[in-house]
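The values are calculated or read from the model by the stated rules, or taken from the named source; none is laboratory data. No experiment lies behind these values; they were computed from the predicted model shown. Here the Cβ positions follow ideal geometry from the backbone for every residue, glycine too, while neighbour counts run over all protein chains shown.
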Amino acid sequence: MAMLLRTILMACLLCTLPCTIWAQALNEIAEHGCKGSMTYITPQQKTSVADPAEDNYDIHHLRFQLRMSDTDAYISGHVMTSATAVADMDKYVFELDDTFAIDLVVVNAQPVSFSSDGNVHTAVLPAALHKGEQFKTSVYYHGHPRYADQLVEPGLNNDPEQDITFSLVEPYFAHRWWPCKQSLTDKIDSVDMWITVPTGVKVGSNGVLQTVETTGGGQRYRWQTRYPIDYYLISVAVSRYDEYSYYMHFDDGSNDSMLIMNYISPDTPKNITNLKPWLDSTAILVNYFSDLWGRYPFWKEKYGHCYTPSFVNMEHQTMTTTRFSRLTVLAHELAHQWFGDWVTCGTWKDIWLNEGFASYAQYLCYEHFDGHAVGDDYLRAIQNDVTKDNGGSVYCYDTTDRYRIFDYRLTYNKAASVIHMLRFVVNDDTKFFGMLRDYLNKYATGTATTEDFETTIESYTGINLHDFFQQWIYKEGFPYLTAGWNQDKGKTYIRIVQESSAPNSVAWFKTPIEVLCYSPDGDTTIRMDLENLENVYSFATNKIIDSIAIDPDRWLLYQLKEPTTRNYTLNENSVSIHVFPNPADNELYVTYKGMANASLILYDATGRQALKQTIGTGNGKYVADISLLPPGVYLYRIASENDTYTTGKVVVR
């Protein structure tokens, strides 16, 4: 009964009138601090680290010993790095913003000289290190962080109105508050965070709060995490917080429990009394996601929230930074603990693996707790957001600009829409959620790329997804669809023609699609494959079909150009086209009947136009010279200005 009441509470909290779902979905941009959609012509790639020499060592442990305040972003102290050389080293290179003064650099207990080039600093080792040797460095520093009073800029910020100092550094800005190596693939094995603050001030951070010690003039908070963590997920938040914490129990038949810890600013309208039902729902979400993807990965430490006034919510490992704006944001950031924290994107080009799945988790919550109608409204809202512009890929080719990395239309909404399509392609929820568990287990505590994800799920499902990833992840656009149907002599014919929104990237899309055929004698749903620009499917039936609806459950990402009608003609006056021979050597023949002025277009295996020739009108025969085409498989399309007559494949030898 207790669980039932909690579930009802969760449903009530998640529930929003369907008419507001659209606005909520599109307003998520404000919750995540993302910019609008942009298309980039020239791909650019930011290197993983600021200097290649940083890749000469592997970090094992960090110990922060810092002094901070809630009233000012000024910071002082040192950070000790324990690491192993993975190549011979004669220098230690790290990043720290040049607004800080570096007081001392110590390597293996010996002060060393160092030089600086902007934010990159090079310390001379007291003795050369060979591959496999361990070492420790400490960097002592102090100063005011860059942009500390600008809450929209990443780094270490302070809000003087609410007296809160907090870090938020994704993707490249950890150097704005601690001496670091910003490499996604070098996860830090463990972290100890010792922060000294004035009396009465609390510190929130990753992992477990070990002790709070009284020191001269203040208190020292000692946080500890023993799970591997990426540099941008290390966090700190300092304020005179109120605390609301409790232990949740897992619904998996075990007796295990976990701490849910929340630090809430008493200076905000959203105090503990107002937020308590909201925060109590966290446990329900933890159990729901654990059922889908495996138990919450950091359960031996905690999960929680630290209030900050930033417009950006951030999935810091085990303790999300948030404004407590609404429950879908809670779900999004919690889902990141699996997709983003437990398994982190291998490069920023693969950021959709973090944000796409966290965004899809929002849809899953609507669907699960509020029902299909509310979930469907939310899904349609994000799909419509994607299709408001023609271009843009899920895969992020330009990683020099954080606004492109976190483009809300592409990295969040298009990625979530494509994940939903992938679920449809797999066509088996047991396999779909099983493959996600398999992926998470395989790359647990590490990083994964898009290629890693594709390989893993193909192995698990046995489905070749190469075309799916090429078209929907790596390339741009979506299809515009036009559908018609008719019946004749006990058969129903369905014709779907597609047009790419970004034909220079993808000439045509391949995907299964469902068509719902309405009949007084009982509706029929058929599943057909879109493999060409023009697709015709027929099936035998004695039912009288009144109308059809393509993709009735809205699995796919597309726009319908016009309502489906009974306009697929089947009489003798319809166009007849025959393309031969196949395979073809030097010439390709096209015979046609009843055709308006049209062209023959050939596309190569990459989807690029290889040949275009005008055929003619009426009835006749055309000979196309293909002697200059390289051997291979080509897709042909015969189309007039207003219509596509036929498509198919031909082998050129």
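Numbers at a glance
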item	result
Qualifying residue in region 374-388 (condition: on the phi > 0 side of the Ramachandran plot and assigned to a loop (DSSP other than H, G, I, E, B))	no
Breaking point among (1) over 21 Å from residue 482 (Cα atoms); (2) touching a Gly at 6+ places or on another chain (Cβ under 6 Å), for residue 507	(1)
Single residue of region 257-298 satisfying the filter (touching a residue at least 40 places away in the same chain (Cβ under 8 Å) and either in a strand (DSSP E or B) or outside the structural domain of residue 227 (by TED's automatic domain parsing) (or both)) that is nearest to residue 432 (Cα to Cα)	258
So residue 592, is it surrounded by 15 or more Cβ atoms within 10 Å (Cβ to Cβ), closer than 16 Å to residue 640 by Cβ and modelled with pLDDT of 85 or more	no
Conditions (1) part of a strand (DSSP E or B); (2) surrounded by fewer than 19 Cβ atoms within 10 Å (Cβ to Cβ): number failed by residue 423	(1)
Residue count, region 599-651 (criterion: part of a strand (DSSP E or B), small (Gly, Ala, Ser) and either under 18 Å from residue 535 (Cα atoms) or not assigned by TED's automatic domain parsing to the domain that holds residue 583 (or both))	2
Matching option when the condition is in a strand (DSSP E or B) and over 30 Å from residue 84 (Cβ atoms), among 191, 212, 203	212
Residue within region 102-119 that is touching a strand residue (DSSP E or B) at 6+ places or on another chain (Cβ under 6 Å) and closer than 28 Å to residue 406 by Cα present	yes
Yes/no for residue 251 being surrounded by fewer than 18 Cβ atoms within 10 Å (Cβ to Cβ), under 23 Å from residue 357 (Cβ atoms) and not small (Gly, Ala, Ser)	yes
Qualifying residue in region 401-420 (condition: in contact (Cβ under 8 Å) with a residue 24 or more places away in the chain and over 18 Å from residue 351 (Cα atoms))	no
Sole residue being within 23 Å of residue 423 (Cα to Cα) and within 27 Å of the chain's Cα centre (by Cα), chosen from 473, 550, 526	473
Lone unmet requirement of (1) more than 21 Å from residue 443 (Cα to Cα); (2) assigned by TED's automatic domain parsing to the domain that holds residue 229 for residue 412	(2)
Test: residue in region 306-329 that is assigned to a helix (DSSP H, G or I) and in contact with a Leu (Cβ under 8 Å, 6 or more places away or on another chain)	yes
Number of positions in region 242-298 that are aromatic (Phe, Trp, Tyr) and within 24 Å of the chain's Cα centre (by Cα)	5
Whichever residue in region 510-542 is touching a residue at least 40 places away in the same chain (Cβ under 8 Å) and in a loop (DSSP other than H, G, I, E, B) and, among such residues, is farthest from residue 390 (Cα to Cα)	542
For residue 579: the one exception among (1) buried (at least 17 other Cβ atoms within 10 Å of the Cβ); (2) at pLDDT 90 or above	(2)
Within region 145-176, considering residues that are more than 26 Å from the chain's Cα centre (by Cα), crowded, with 20+ Cβ neighbours inside 10 Å and part of a loop (DSSP other than H, G, I, E, B), the one modelled with the lowest pLDDT	148
Selected residue (criterion: nearest to residue 645 (Cα to Cα)) from residues of region 486-514 that are of a type in the set (Val, Ile, Thr) and over 29 Å from the mean Cα position of the chain (by Cα)	497
Sole exception among (1) more than 30 Å from residue 642 (Cβ to Cβ); (2) at pLDDT below 95; (3) surrounded by 22 or more Cβ atoms within 10 Å (Cβ to Cβ) for residue 401, by number	(3)
Residue under evaluation residue 8, criteria (1) modelled with pLDDT of 95 or more; (2) within 30 Å of the chain's Cα centre (by Cα), criterion not met	(1)
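Residue by residue, here is whether (1) buried (at least 22 other Cβ atoms within 10 Å of the Cβ); (2) assigned to a strand (DSSP E or B); (3) assigned by TED's automatic domain parsing to the domain that holds residue 152 holds:
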| residue | (1), (2), (3) |
| --- | --- |
| 434 | no, no, no |
| 453 | yes, no, no |
| 497 | yes, yes, no |
| 502 | no, no, no |
